[in-house]
Amino acid sequence: MAPPTAYLASVGTCLPGDPVDNATLAKLVGVDETWAEMFTGNISRYLAVDLATGQIRHSLADIATTAADRALAEAGLEPGDVDCVVLGTATPDHLMPATVNLVADRLGVDNVPTYQLQSGCAGAVQALDVARTLLLAGRCTTALVIGGDVCAKHLQTDFDPGSRTSAELVNYVLFGDGAGAAVLSTEARGQGIEIRQVLNRLVGLGREPGQVIDWFGLGDRHSDRTAVFEDYKAIEASVPVMAGQMFWELLDDLGWSADAVDFLLPPQLSGRMSDRISAGMPAPEARRVNVVRTVGNNGNALPFLQLAELLRQWDGPGRAVAVAIESSKWIKSGIALERS
């Protein structure tokens with residue numbers, strides 16, 4: 001009997017509310033709208049908070065459930081067909097219960113293994129890796145994989161322009177919220193795209209984190225620590241190099257040449273940074289799939305939003321390579337897809 005194959009059957013996404021353009025956000029935080037695009041290259045993003053009040057209007061469970069519903073519908077499946085659920089996120093709704101279990105409950109999925117991975121941008125690829133491994137091991141036949149983040153609850157709660165540093169203002173215009181989901185199957189259903197390889201590498205030994213997102217409990221909620229910290233210089237220097245390394249690792253593992261790649265999904269940090277990384281990755285014939293300019297950096301949702309855009313563009317046989325880099329403790333990850 002031939003070993004199982006893992007296929008990408010469908011993708012569903014969810015972006016909360018209406019798009020928030022630079023003019024709207026710049027006015028709120030007291031900067032010029034050209035400043036927002038100059039620093040990030042993004043023109044809009046979606047936020048799970050009410051800009052007028054700062055109240056959270058959409059939880060991660062809300063948008064993740066919607067994305068999962070859409071992915072299942074696209075694959076022609078019911079919740080009862082799912083025999084494994086994996087979620088990747090850096091911003092769960094609670095420390096406990098795990099958001100993956102709240103989503104499963106809302107979907108009507110029960111009595112199956114569930115896993116939640118706490119990770120940044122690479123978490124979506126890690127979740128796909130876990131699901132693919134379970135499929136190839138014969139542990140399940142239909143896996144629901146979800147990725148998403150609600151970053152706004154860490155960033156958009158206090159709009160006093162005079163109290164914000166330049167780094168915090170960059171975060172305001174850089175990040176967004178969203179969720180995505182994919183159905184993986186051992187049958188070539190739906191899109192019928194084979195997941196040829198998934199790689200994840202922790203490469204942060206001895207290195208300071210490039211990004212920190214803090215949790216605050218009762219004992220430290222009144223401290224003067226910031227909720228989010230980024231070392232933008234380290235990120236700018238390291239991410240392009242790591243992206244190129246992961247691209248070649250995937251190709252070397254599969255024996256593919258760079259000119260045989262039809263689609264390239266680069267790391268999505270910001271519009272400007274993603275364009276720079278994309279241009280530097282050696283896939284001369286590949287069509288670049290960039291979405292961050294219009295949706296914002298929404299963490300674990302971005303790889304699924306990229307995959308959704310890829311499926312809209314992909315018609316016929318071909319190969320695609322997606323790379324995601326996480327700067328928290330420096331993780332490089334990637335996925336290779338092929339349609340015969």
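For the chain, max minus min Cα coordinate along each principal axis, in Å, sorted largest first?
66, 45, 39
Taking only Cα atoms and a 10 Å spring cutoff, compute GNM fluctuations for the chain and point out the largest among Asp253, Asp231, Asp262.
Residue with maximal mean-square fluctuation among Asp253, Asp231, Asp262: Asp253.
Taking every DSSP beta bridge with both residues inside segment 7-185, roughly what % is antiparallel (nearest 5)?
Bridges in segment 7-185 that DSSP calls antiparallel: roughly 70 percent.
Between Trp248 and Glu187, what is 0.36 nm times their sequence separation minus the Cα-Cα distance? Round to one decimal in nm.
19.1 nm
Considering only DSSP beta bridges with both partners in the chain, what is the antiparallel share in %, to the nearest 5?
Of the beta bridges lying entirely in the chain, close to 75 percent run antiparallel.
Net charge near Ser274: determine it from the other residues with C-beta under 10 Å of the C-beta of Ser274, scoring Lys and Arg +1 and Asp and Glu -1.
Here the count lands on +3.
Could you pull out the GluC sites (Glu not before Pro) across segment 220-288 that fall in loop regions by DSSP (anything but H, G, I, E, B) with no more than 15 other Cβ atoms inside 10 Å?
Here the GluC sites (Glu not before Pro) that fit, given the DSSP loop and packing criteria, are Glu285.
Assuming R0 = 30 Å, can you tell me the calculated FRET efficiency for the pair Arg225 and Gln55, based on Cβ-Cβ distance, to the nearest 0.05? Mind showing how you got there, number by number?
Values: r = 23 Å, r/R0 = 0.76.
Calculated value: 0.85.
Any chance you could run the full-extension gain for Ser340 through Thr133? It's 0.36 nm times the residue separation minus the Cα-Cα distance, nm to one decimal.
72.4 nm
Using +1 at the Cβ of each Lys and Arg and -1 at the Cβ of each Asp and Glu in the chain, identify which of Leu128, His58, Pro19 lies farthest towards the dipole's positive end.
Leu128
Among the helices of the chain (complete DSSP H runs), which have Cα atoms covering no less than 27 Å along the helix axis and a Kyte-Doolittle mean of at least -0.5?
Qualifying helices: 232-254.
Students often get this wrong: which residues of segment 266-291 have the backbone nitrogen under 15 Å from the point 7 angstrom along Cα-to-C-beta of Ala260?
283-286, by backbone N distance to the label point.
Looking only at Gly17, Gly192, Gly138, which one moves most when the chain is put into a Gaussian network model with springs between Cα atoms under 10 Å?
Maximum fluctuation in the GNM of the chain, among the listed residues, is at Gly138.
Would you please give the residues with an amide H less than 5 Å from that of Thr91, counting only those at least 5 places away or on a separate chain, with H modeled from the backbone geometry?
Val150
How many Å³ per residue does the convex hull of the Cα positions in segment 7-185 occupy?
112 Å³
Taking amide H positions as placed 1.01 Å from N in the peptide plane, with prolines and chain starts having none, which residues 5 or more places from Gly41, or on another chain, fall under 5 Å of its amide H?
It is Arg272, by chain and number.
How large is the charge dipole for the chain, taken about the Cα centre, if only the Cβ atoms of Lys, Arg (+1) and Asp, Glu (-1) carry charge, to the nearest 20 debye?
Once rounded to the nearest 20, the dipole reads 360 debye.
Say we join alpha carbon atoms closer than 10 Å with springs in a Gaussian network model of the chain; which of Val173, Val130, Val241 then has the biggest fluctuation?
Val241
With the dipole of the chain worked out from charges on the C-beta (+1 for Lys and Arg, -1 for Asp and Glu) around the Cα centre, which of Ala104, Ile235, Gly296 lies farthest toward the positive end?
Ile235
To the nearest 500 deg cm²/dmol, what mean residue ellipticity at 222 nm is calculated for the chain from DSSP H runs of n ≥ 4 alone, each contributing -39,500 (n - 2.57), summed and divided by the residues?
-10500 deg cm²/dmol
Read-outs: derived from the displayed coordinates by stated rules, not from any lab. Predicted model only: the values in this text are computed from it and were never measured. Because the Cβ atoms are built from the backbone with ideal geometry, glycine has one as well, and the counts that use them run over all protein chains shown.
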